[in-house]
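The values are calculated or read from the model by the stated rules, or taken from the named source; none is laboratory data. Everything numeric here is computed off the predicted structure, so don't read it as measured data. In this analysis, Cβ positions are derived from the backbone assuming ideal geometry, glycine residues included, and neighbour counts consider all displayed protein chains. When the accessible area is computed, the model is the full protein with side chains, heavy atoms only, and any ligands, DNA or RNA have been set aside. Shrake-Rupley method; radii C 1.70, N 1.55, O 1.52, S 1.80 Å.
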Amino acid sequence: MNAAAPPSADGTHAAPAPRRPSLARWSVLLVIVISVIGGLAMVTGSVPVSLHELTDVLTGRGDDMATILVLELRLPRFIAGLLVGASLGLAGQLMQTVTRNPLASPGITGVVAGASMAVVIAQVAWRVDVTWLPGIGMLGGAGAATLTFLLAARSGFSPLMLALAGMAVTALASALVTAFLLFSGAQAQQLFSWLAGGLQGRGWAHVIQILPWALGGLAVSLGTGRWLNLMQLEDSVARSLGGAVTLLRLGFVTLAVALTAASVAVAGPVGFIGLVAPHLVRLAAGVDQRQALPLVALTGALLVTLSDLLARTLAAPQELPLGLFTALIGGPLFIALIRSRTL
């Protein structure tokens with residue numbers, strides 16, 4: 001039997017407040033769906049692997065072909081997708097929170113375009129080693145984010161001005177990318193494929209490349225969830241509660257740029273994840289960052305791994321760009337959010 005609602009001041013019984021599903025329930029549901037996608041990612045492709053063969057591989061009894069397919073090609077690619085999606089989801093959550101702007105995201109604020117520009121210039125001009133790409137992407141993303149926020153600062157970071165400033169910075173970075181691609185020579189095809197976004201050919205080296213950024217970003221975000229909650233308040237209120245607003249905003253934006261840059265270095269510019277994932281989680285978890293952050297990471301991971309599974313299986317053996325499917329999934333979701341007026 002349900003417990004009666006507590007009486008109000010006038011003696012009547014107030015209606016119980018609606019309860020959201022628990023963090024644990026949503027987390028378990030997301031983990032189950034991601035696990036199903038992971039299982040499908042291991043067995044489907046241009047060369048299918050049966051469930052029996054997959055079991056043999058996981059228990060160390062698989063033949064050489066199945067072992068290579070699962071452990072050297074598909075599993076690291078799936079894990080890289082998990083980390084890229086989690087990083088982009090977290091970056092979007094951080095940006096939307098500290099700017100109190102529902103349109104803020106790594107893509108709209110120019111961070112993705114800036115990181116992509118830096119990576120392309122480094123590859124064309126100096127052919128740098130891949131281990132340097134996250135740091136280089138971070139510098140480009142930080143420069144683009146700084147320019148965007150400086151342009152939008154005069155209007156108090158209004159959604160319209162932030163979007164317009166981000167579009168301008170993105171257009172500038174894209175123009176520079178095009179200019180350098182004209183001089184890229186034999187690298188042009190590879191860079192064009194990379195700019196479309198994708199996880200084709202990603203292996204354990206790429207997982208190691210992004211792993212510290214993704215796990216470190218999640219750990220720092222969860223450890224500072226209380227301060228991130230403060231950033232949802234007006235600056236004057238946050239300061240009165242002991243928050244160093246300017247320092248916190250700078251720190252969280254820097255963390256978002258780092259997460260985005262690491263993702264771009266591994267998967268190229270992948271759109272919509274950082275914009276859509278926080279809004280989907282906000283419907284389920286509310287505004288408490290300590291509950292929202294792990295759900296955002298899982299939701300971003302789900303969107304990227306699902307998109308990658310579709311990208312490599314729908315037209316197998318040909319592979320389609322990952323960015324195409326993140327847009328096809330994220331775009332309609334974002335339109336639905338706009339129509340429901342939840343932004």
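For segment 196-212, the set of residues classified as part of a helix (DSSP H, G or I) and within 24 Å of ALA125 (Cβ to Cβ) consists of ALA205, HIS206, GLN209, ILE210, listed by residue number.
Of the residues making up segment 221-234, none is assigned to a helix (DSSP H, G or I), of a type in the set (Asp, Glu) and surrounded by fewer than 19 Cβ atoms within 10 Å (Cβ to Cβ). With respect to the conditions (1) modelled with pLDDT under 85; (2) buried (at least 18 other Cβ atoms within 10 Å of the Cβ), LEU147 falls short on a single one, namely (1). Residues that are in a helix (DSSP H, G or I) and surrounded by fewer than 24 Cβ atoms within 10 Å (Cβ to Cβ) within segment 265-282 comprise HIS279, LEU280, ARG282, listed in sequence order. What about ASP288, is it open to solvent by less than 40 Å² (accessible area, probe 1.4 Å), of a type in the set (Asp, Glu) and either under 22 Å from VAL28 (Cβ atoms) or touching a residue at least 40 places away in the same chain (Cβ under 8 Å) (or both)? Taking the combined requirement at face value, the residue does not satisfy it. In segment 241-249 there is at least one residue that is β-branched (Val, Ile, Thr), out of contact with any helix residue (DSSP H, G or I) (no Cβ under 7 Å at 6 or more places or on another chain), assigned to a helix (DSSP H, G or I) and over 18 Å from GLY107 (Cβ atoms). The condition (being within 15 Å of the chain's Cα centre (by Cα), over 23 Å from LEU228 (Cα atoms) and touching a residue at least 60 places away in the same chain (Cβ under 8 Å)) is satisfied by just one residue among VAL296, VAL304: VAL304. Starting from residues that are open to solvent by 70 Å² or more (accessible area, probe 1.4 Å) and at pLDDT below 80, keep the ones in segment 185-202 and report whichever is farthest from LEU83 (Cα to Cα). Per the criteria, the residue is ALA186. Scanning segment 34-69 for residues that are closer than 21 Å to GLN318 by Cβ and of a type in the set (S, T, N, Q), which turns out surrounded by the fewest Cβ atoms within 10 Å (Cβ to Cβ)? The qualifying residue surrounded by the fewest Cβ atoms within 10 Å (Cβ to Cβ) is SER46. Note on segment 118-127: residues that are part of a helix (DSSP H, G or I) and open to solvent by 10 Å² or more (accessible area, probe 1.4 Å) amount to 5. Just one of the listed residues (ALA205, ALA163, ALA262) is among the small types (Gly, Ala, Ser), in contact (Cβ under 8 Å) with a residue 12 or more places away in the chain and either in contact with a Gly (Cβ under 6 Å, 6 or more places away or on another chain) or crowded, with 23+ Cβ neighbours inside 10 Å (or both), namely ALA262.
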